[in-house]
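Taken together, the values in this text are just the output of simple stated rules run on the coordinates, not laboratory data. None of these values were measured; they are calculated from a predicted model. So basically every Cβ, Gly included, is an ideal-geometry build from the backbone, and we count neighbours across all protein chains shown.
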Amino acid sequence: MLTREQQYAARVFQQVTEFERQAEKKTEKKTKYGSMAHKLPVLIRVAGLAQALHFVESRGDDNQRLLLKHLALTLDFIDGEGEKGLTAKEQLLESSRTSSLPTYMRLTHQALSALQWYKRFAQSVLKVEAGQDDASSSNGR
């Protein structure tokens with residue numbers, strides 16, 4: 001039996017390597033995804049889980065929203081589950097808004113644990129370091 005951390009590591013590695021294969025030489029896509037993997041844990045600690053996730057959903061680009069989908073799948077939300085038939089990402093967003101305090105705290109803890117793996121694989125697989133998006137966007141100004 002695998003620990004939760006091992007399960008997260010395996011799922012995240014599979015998602016990030018698949019994303020890397022699909023993005024191929026599109027460095028900007030990798031940078032957006034990887035940069036958000038570095039930033040999201042900080043956003044969660046500063047603003048809270050619900051606010052951080054909804055910020056990324058509303059302000060992020062498609063690659064950053066893909067990170068939310070991947071996170072939802074890693075946290076065992078499944079597309080089309082439940083009576084509403086929501087996507088995994090929609091379920092994660094709804095759960096962050098509507099859960100009781102103990103469930104919200106558990107979800108926050110699990111999200112932060114999973115996001116550590118996204119950060120690690122953003123560095124090792126995507127070759128995106130913390131702050132890289134900031135540096136590349138300021139160079140284009």
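Numbers at a glance
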quantity: Under-5 Å amide H pairs with residue 81, H placed in peptide plane, nonlocal only; calculated: 86
quantity: Karplus-derived HN-Hα couplings along the stretch 28-40 (A = 6.51, B = -1.76, C = 1.60, θ = phi - 60°), whole Hz, x at Gly and Pro; calculated: 4, 4, 4, 5, 4, 5, x, 4, 5, 4, 6, 7, 4
quantity: Packing-based exposure ordering (other Cβ within 10 Å, fewest first) of 42, 12, 125; calculated: 42, 125, 12
quantity: Least to most buried among 38, 70, 109 (fewest other Cβ within 10 Å first); calculated: 109, 38, 70
quantity: Virtual spin-label span in nm between residue 101 and residue 55, 7 Å along Cα→Cβ; calculated: 2.3 nm
quantity: Charged-residue dipole, Cβ positions (Lys, Arg, Asp, Glu), the stretch 4-127 about Cα centre, Debye nearest 20; calculated: 540 debye
quantity: Within straight-line cross-link reach of residue 84, lysines at Cα separation under 27 Å, skipping those fewer than 8 residues along the same chain; calculated: 69
quantity: Burial ordering of 62, 79, fewest other beta-carbon atoms within 10 Å first; calculated: 62, 79
quantity: Where N is the number of residues in the chain, Cα Rg divided by 2.2 N^0.38 Å; calculated: 1.03
quantity: Sparse-neighbourhood loop sites, GluC sites (Glu not before Pro) in the stretch 1-51 - DSSP loop, at most 10 other Cβ within 10 angstrom; calculated: 24
quantity: Centroid-to-centroid separation of the stretch 56-106 and the stretch 1-32 [C-alpha atoms, Å]; calculated: 17 Å
quantity: Neighbour-limited loop hits for trypsin sites (Lys or Arg not before Pro), the stretch 73-124 (at most 10 other Cβ within 10 Å; DSSP other than H, G, I, E, B); calculated: 84
